[in-house]
Amino acid sequence: MVKLIMGLKGAGKTKQLISDINEAVKNENGSLVCIENGTKLRYDIDRRVRLIEYQDYKLPGSMPFLKGFISGLHASNFDISHIFIDSFYKLLDNATVSEVEEFVLWCEKFGEDNRVSFTVIVSEDPSKIPDSIRKFL
């Protein structure tokens with residue numbers, strides 16, 4: 001399952017993410033991971049969630065590295081049931097709406113193959129996304 005949370009700055013995306021994460025802690029049995037750029041969620045989410053500051057790993061901000069990073073997380077812990085990604089555009093250098101589409105479709109396939117759910121936050125006008133990923137809103 002993939003859930004896409006989109007909206008412009010100030011639309012309440014992070015509050016929704018925090019709520020979704022804390023609800024998942026109550027309802028899911030597997031490990032939960034949250035990838036973010038910065039440490040703004042540190043005190044807002046349950047301590048049982050593995051909070052990862054993407055920039056701590058000094059990875060280039062590119063799609064192949066993000067996909068590889070997520071694949072490596074799963075390879076090291078098959079108990080991961082949900083991966084939350086905050087501020088998608090801040091993780092990648094100069095990301096575009098077409099890259100959002102590519103990534104969300106990759107998450108859908110990866111999730112189906114590995115029984116992992118994804119929640120992705122993108123600061124973008126929802127009217128700009130392609131029809132192929134509109135179902136994830």
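Since every read-out is calculated from the coordinates, none of them should be taken as a lab result. Everything numeric here is computed off the predicted structure, so don't read it as measured data. Ideal geometry is used to build each Cβ from the backbone, glycine not excepted, and the neighbour counts take in all protein chains shown.
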task = With 20 Å as the limit, write out which pairs from K15/K67; K9/K90; K9/K67; K26/K109; K15/K109; K3/K128 have Cα-Cα distances beyond it, or answer none.
result = K15/K67; K9/K67; K26/K109; K15/K109
task = Using P(r) over Cα pairs in 10 Å bins from 0, in percent as the read-out, say which of (1) 11, 37, 32, 16, 4, 0; (2) 12, 47, 38, 4; (3) 13, 47, 33, 7, 0 was calculated from these coordinates.
result = (2)
Global geometry of region 56-137, whether rounded, prolate or oblate, following the gyration tensor of its Cα atoms and the 1.5 cut on a/c = oblate
remark   = Taking chymotrypsin sites (Phe, Trp or Tyr not before Pro) in a DSSP loop with at most 12 other Cβ atoms within 10 angstrom as exposed, one finds the longest site-free stretch of the chain at 79-137
request  = Check cross-link reach from K40 to the aspartates and glutamates: straight Cα distance under 13 Å, and skip same-chain residues fewer than eight apart.
outcome  = E53, D86
ask   = Once every DSSP H run of n ≥ 4 in the chain is given -39500 (n - 2.57) and the sum is divided by its residues, what mean residue ellipticity at 222 nm do you get, rounded to the nearest 500 deg cm²/dmol?
value = -12000 deg cm²/dmol
